[in-house]
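The values are calculated or read from the model by the stated rules, or taken from the named source; none is laboratory data. Because the structure is predicted, anything quoted here is derived from the model rather than measured. Cβ: placed from backbone, ideal geometry, glycine included. Neighbour counts: every protein chain shown.
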Amino acid sequence: MADKVLMKGNEAIGEAAVLAGCRYYFGYPITPQSELPAYLARRLPEVEGVFLQAESEIAAINMVYGAASAGARVMTSSSSPGVSLKQEGISYIAGAEMPCVIVNVVRGGPGLGNISPAQSDYWQATRGGGHGDYRTLVLAPNSVQEMADMTRHAFELADRFRNPVLVLSDGILGQMMEPVLLPEPATYDINQKPWALGTTAPRKGGRNLCSTIFLDVELLEEHNWHLYQKYQVITDEFAKGSLKHMAVETHEVEDAEIVLVGYGIISRILKTVVEKCRKRGIKAGLVRPKCLWPFPSQVLADLAAKTKQFLVVEMSCGQMVEDVKLAVDGKKPVYFFGRTGGTVPSDFEILNEVDKLVRPD
Amino acid sequence: MSAEVERIILAGFGGQGILFLGKVLAEVGMRCGKHVSWIPSYGPEMRGGTANCTVIISEHPIASPLVTVPDTVIAMNRPSVAKFNVRIKAGGMLMYNSSLIERQEFRDDIRLVEIPASEIADELGNARVANLVMAGAYAKFSKLVTYDEMVKALPNLLPAGKKELAEVNLAAFERGYQFVKEKKYMFGRYVYSVFKGL
């Protein structure tokens, strides 16, 4: 572990973005993610990049839209209320098919809520909080190492699919420090993007245009089906293609009689719960979606044939549990346990829930 | 103390260097080749309020970085004892700053280690290094962080503008370490007995 550095999750995202070739960051401070803009304010000028604290989150996301259409690798970040403000811009960016990375270090909501960790933005992240038929890829790290790795991957995915990619973390992951092995720097050339407004590569006839307006209904329908087909390709890549390894992590599920499901920081707590269950003779396993959209439905559907029941644990009143229920499709019972408002469930209270389900009497 | 994992909660006033003390332990744990994690309490705190952080140092990959039942609590002020005393694992350790925390009726199923950290820091001429006295004391008990790595790492961990404080920080660390080595600390049930006037 000699080459590892001890870093906060927020800082790891910042450094990984720089290593991924991101040279533009637009944002606005908000706890618990402010270490990220603070880090990039210092770091980006060192690599001739641009850090700009915008006048608002809305301004920041539209600057991202501009930089992305020019072909730059660009990022913004915020925490829950700030990400709500960005939704209009995200809809435009998704509609115009512009690659960018958006980080949400989730805190308690709704409204201003509080600054403690939460997972209550799952619906907003996976369904899209903006208007129109669009999707954003959503990656869910569960360690500081993954904050770095997934940020790096997010830029690759965004460029590959010309789509915004969300990194959905939470206040704990943003604030905690763990040893990180930083990823190798990427080589990035704007001329890899022949569609970009800033490209100097030869273009196939005419000018490049970046727009989301299709006044002709037939053209908009065609555009929407085109987006839909792209989302199908992304879904397939995660389900059985080249991105399968990034979709999901399973732990001790082969003989599991109860499968725990959780993402992000919760999945770490659930791993401890599984270890404690096994010591007590309870055959528990863990499914941890690493990517929340596309959701690893097939893995859960396959497990529904083997296991007896599922317990979904979230730091919300129950959001991802709906995706688990869709995947399991009524074949086995799906139960839910959640804490909310910035409260993090302890391994003991989750273990208690497992006990109640496994030994009902 | 377990030879495989050490779960520590550190707590005190904001300004006592609690988060830094935790960072020192985590960083040195990492340099000793262990798995480590560090989580701060980051609530809306004010100067003079309470601060705490959670550190895990482990031979094995850390599943949950959150700690409900710590092996050790390092308490720098009175409210910290009140808050975390009940959570310490039976057989665990409460290491406390006896300059600011008076003897009281502690639990008798934990090991008590009384370090006059603030007084030692004052003797060194810098009240702010009480945290490093505790680091030294803890290093003597720890099975996972070593004295040598700690001494090697410490000067590098100070922020850029504070490198001139390396000497006094190292001195504080050394004093804490020696304090435990020479068994000058009050220990175990003895404290309890003293309190009870036995």
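A few comments on the model shown:
- Every test in (1) within 14 Å of chain B (Cβ to nearest Cβ); (2) touching a Phe, Trp or Tyr at 6+ places or on another chain (Cβ under 9 Å); (3) of a type in the set (S, T, N, Q) is passed by A:GLN319 save one, and that test is (1).
- Residue count for the stretch B:41-59 under the criterion of being facing chain A (nearest Cβ under 10 Å) and at pLDDT 95 or above: the result is 4.
- Sole exception among (1) more than 14 Å from chain B (Cβ to nearest Cβ); (2) in contact (Cβ under 8 Å) with a residue 24 or more places away in the chain; (3) within 17 Å of A:PRO294 (Cβ to Cβ) for A:ARG127, by number: (2)
- Residue in the stretch B:67-83 that is farther than 22 Å from A:LEU6 by Cα and without any contact (Cβ under 8 Å) to a residue 12 or more places away in the chain present: yes
- Some residue of the stretch B:84-91 being away from every other protein chain (no Cβ under 14 Å), crowded, with 21+ Cβ neighbours inside 10 Å, touching a Lys or Arg at 6+ places or on another chain (Cβ under 8 Å) and closer than 14 Å to B:MET134 by Cα: no
- Among the residues of the stretch A:14-25, just one is in contact with a strand residue (DSSP E or B) (Cβ under 6 Å, 6 or more places away or on another chain) and either within 10 Å of chain B (Cβ to nearest Cβ) or in a helix (DSSP H, G or I) (or both), namely A:ALA17.
- Any hit, the stretch A:222-231, residues being away from every other protein chain (no Cβ under 14 Å), in contact with a Leu (Cβ under 9 Å, 6 or more places away or on another chain) and in contact (Cβ under 8 Å) with a residue 40 or more places away in the chain: no
- The listed residues are A:THR31, A:THR76, and the only one of them that is part of a loop (DSSP other than H, G, I, E, B) and in contact (Cβ under 8 Å) with a residue 40 or more places away in the chain turns out to be A:THR31.
- Of the residues making up the stretch B:72-83, those that are assigned to a helix (DSSP H, G or I) and buried (at least 22 other Cβ atoms within 10 Å of the Cβ) number 1.
- Verdict on B:LEU25 being closer than 18 Å to B:LEU157 by Cβ, out of contact with any Cys (no Cβ under 6 Å at 6 or more places or on another chain) and crowded, with 22+ Cβ neighbours inside 10 Å: yes
- Close contacts from the stretch A:259-287, counting a first residue that is under 20 Å from A:GLN175 (Cα atoms) and facing chain B (nearest Cβ under 8 Å) and a second that is part of a helix (DSSP H, G or I) and of a type in the set (Asp, Glu), with Cβ to Cβ under 6 Å and a gap of 6+ residues or different chains, come to A:ILE269/A:ASP347.
- Matching residues, the stretch A:187-197, being loosely packed, with under 14 Cβ neighbours inside 10 Å and closer than 15 Å to A:CYS22 by Cβ: A:THR187, A:ASP189, A:GLN192
- For the stretch A:297-315, a tally of residues being in contact with a helix residue (DSSP H, G or I) (Cβ under 7 Å, 6 or more places away or on another chain) and surrounded by 22 or more Cβ atoms within 10 Å (Cβ to Cβ) returns 7.
- Test: B:LEU66 is part of a helix (DSSP H, G or I) and within 14 Å of chain A (Cβ to nearest Cβ): no
- Of all residues in the stretch A:268-306, those that are closer than 28 Å to A:LEU137 by Cβ and β-branched (Val, Ile, Thr) total 4.
- Hits in the stretch A:135-178 (condition: within 14 Å of another protein chain (Cβ to nearest Cβ), assigned to a loop (DSSP other than H, G, I, E, B) and of a type outside the set (A, V, I, L, M)): A:PRO141, A:ASN142, A:SER143
- Meets criteria (among the hydrophobic types (A, V, I, L, M, F, W, C) and either away from every other protein chain (no Cβ under 13 Å) or touching a residue at least 60 places away in the same chain (Cβ under 8 Å) (or both)) for A:VAL253: yes
- Taking the criterion of being at pLDDT 95 or above, farther than 10 Å from B:ILE101 by Cβ and away from chain A (no Cβ under 14 Å), the residues of the stretch B:69-83 that qualify are B:ASP71, B:THR72, B:VAL73, B:ILE74.
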